[in-house]
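The values are calculated or read from the model by the stated rules, or taken from the named source; none is laboratory data. Computed from a predicted model, the values in this text were never measured in an experiment. For neighbour counting, all protein chains shown are included, and Cβ atoms are generated from backbone atoms with ideal geometry for every residue, glycine included. Note: accessible area is taken over every heavy atom of the protein model, side chains too, but ligands, DNA and RNA are not part of it. Shrake-Rupley method; radii C 1.70, N 1.55, O 1.52, S 1.80 Å.
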Amino acid sequence: MHNASQPRATLRALQADITTLPVDAIVNAANTSLLGGGGVDGAIHRAAGAELLAVCRTLNGCQTGDAKITAGFRLPARHIIHTVGPIWRGGKANEAALLAACYRRSLELAADAKAKTVAFPCISTGVYGYPPELAAPLAINSARDALKEFSGIQEVLFCCFSREDFELYARLLAQG
Ligand code: ADP
């Protein structure tokens, strides 16, 4: 029997370059300008091509904790959801709520776009300095919560770049 309190979507960790994933939507850890940057943002802009930047220029940026969606252009992914994670300032500057909002809002936009498979990078844990061991359980719990609401999404992938991040997510997801 289907238990309504359990999301039907599966959550999975993998170690990969997110720009290579043939999913309905990948999430970009962008900055408020939405005009590209380093890390995963730079990799996504390079792989998607110049058309992405042209469209991003029309979006008027994005607030921290919010997200905006574009096409995937040259990526194998159909859509890119650009979200802006918080910069880590020690943990007392609303970072957790803002990071949770990134996951929720990204899944909301993914559901609006009828995406069934969505891949996230480890938002805020690179240049923005959010401790991975705090960000990972928050990412998983936020995604689980949002998936109860956005039932069209079937699979959420936590796309880890490093072996350490992959092992962290795999361990947390195995705990259920
Ligand atoms: P932020 O500014 O939000 O911290 P970063 O891009 O600096 O964003 O880092 C976020 C995470 O993205 C880090 O875990 C980093 O290792 C990872 N990352 C960098 N390049 C890629 C990529 N091509 N695919 C997936 N993850 C990536």
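Select from the range 14-23 the residues that are open to solvent by 30 Å² or more (accessible area, probe 1.4 Å) and assigned to a loop (DSSP other than H, G, I, E, B) and write down the one among them that is farthest from the ligand (Cβ to nearest atom). Quick ask: steps written out before the conclusion?
In the first step, residues of the range 14-23 are kept if they are open to solvent by 30 Å² or more (accessible area, probe 1.4 Å); the result is 14-15, 17, 20, 22.
Now narrow it down to the ones that are assigned to a loop (DSSP other than H, G, I, E, B): 17, 22.
Numbers: Asp17: 4, Pro22: 14 Å.
Once the filter is applied, the top-ranked residue is Pro22.
Report, by residue number, each residue of the range 33-55 that is away from the ligand (no atom under 11 Å from the Cβ) and charged (D, E, K, R).
Across the range 33-55, the qualifying residue is only Glu51.
Applying the selection to the range 124-150, what residues are part of a helix (DSSP H, G or I), surrounded by 22 or more Cβ atoms within 10 Å (Cβ to Cβ) and touching a residue at least 60 places away in the same chain (Cβ under 8 Å)?
Listed by number, the residues that qualify are Ala143, Leu147.
Evaluate the following for Val156: is it assigned to a strand (DSSP E or B) and of a type in the set (Val, Ile, Thr)?
Details: assigned to a strand (DSSP E or B): yes; of a type in the set (Val, Ile, Thr): yes.
Yes.
Please state which one of Ile69, Ile87 is among the β-branched types (Val, Ile, Thr), part of a loop (DSSP other than H, G, I, E, B) and modelled with pLDDT of 95 or more.
On the way: Ile69 fails: part of a loop (DSSP other than H, G, I, E, B).
The conditions single out Ile87.
For the range 30-44, how many residues meet the condition of being surrounded by 19 or more Cβ atoms within 10 Å (Cβ to Cβ) and under 20 Å from Cys160 (Cβ atoms)?
Keep residues of the range 30-44 that are surrounded by 19 or more Cβ atoms within 10 Å (Cβ to Cβ), which gives 30-31, 34, 40-41, 44.
Within this subset, residues satisfying the condition of being under 20 Å from Cys160 (Cβ atoms) are 30, 40-41, 44.
Qualifying residue count for the region: 4.
Within the range 25-32, can one find any residue that is away from the ligand (no atom under 14 Å from the Cβ), in a loop (DSSP other than H, G, I, E, B) and over 14 Å from the mean Cα position of the chain (by Cα)?
Scanning the range 25-32, I find no residue that is away from the ligand (no atom under 14 Å from the Cβ), in a loop (DSSP other than H, G, I, E, B) and over 14 Å from the mean Cα position of the chain (by Cα), so the answer is no.
May I ask you to verify whether Val118 is in a strand (DSSP E or B) and of a type outside the set (Gly, Ala, Ser)? Working first, answer last.
Details: in a strand (DSSP E or B): yes; of a type outside the set (Gly, Ala, Ser): yes.
So Val118 passes the test.
Any chance the range 109-116 includes a residue that's within 15 Å of the ligand (Cβ to nearest atom) and out of contact with any helix residue (DSSP H, G or I) (no Cβ under 7 Å at 6 or more places or on another chain)?
Step one: of the range 109-116, the residues within 15 Å of the ligand (Cβ to nearest atom) are none.
Checked against the condition, which is being within 15 Å of the ligand (Cβ to nearest atom) and out of contact with any helix residue (DSSP H, G or I) (no Cβ under 7 Å at 6 or more places or on another chain), the range 109-116 yields no hits at all.
For Ile81, indicate whether it is open to solvent by 10 Å² or more (accessible area, probe 1.4 Å), in contact with a strand residue (DSSP E or B) (Cβ under 6 Å, 6 or more places away or on another chain), closer than 25 Å to Gly49 by Cβ and part of a strand (DSSP E or B).
Details: open to solvent by 10 Å² or more (accessible area, probe 1.4 Å): no; in contact with a strand residue (DSSP E or B) (Cβ under 6 Å, 6 or more places away or on another chain): yes; closer than 25 Å to Gly49 by Cβ: yes; part of a strand (DSSP E or B): yes.
It is false that Ile81 is open to solvent by 10 Å² or more (accessible area, probe 1.4 Å), in contact with a strand residue (DSSP E or B) (Cβ under 6 Å, 6 or more places away or on another chain), closer than 25 Å to Gly49 by Cβ and part of a strand (DSSP E or B).
Any idea how many residues of the range 107-123 are more than 10 Å from the chain's Cα centre (by Cα) and open to solvent by 10 Å² or more (accessible area, probe 1.4 Å)?
8
Does Arg8 qualify as being open to solvent by 40 Å² or more (accessible area, probe 1.4 Å) and either under 21 Å from Glu108 (Cβ atoms) or touching a residue at least 40 places away in the same chain (Cβ under 8 Å) (or both)?
Answer is yes for this residue.
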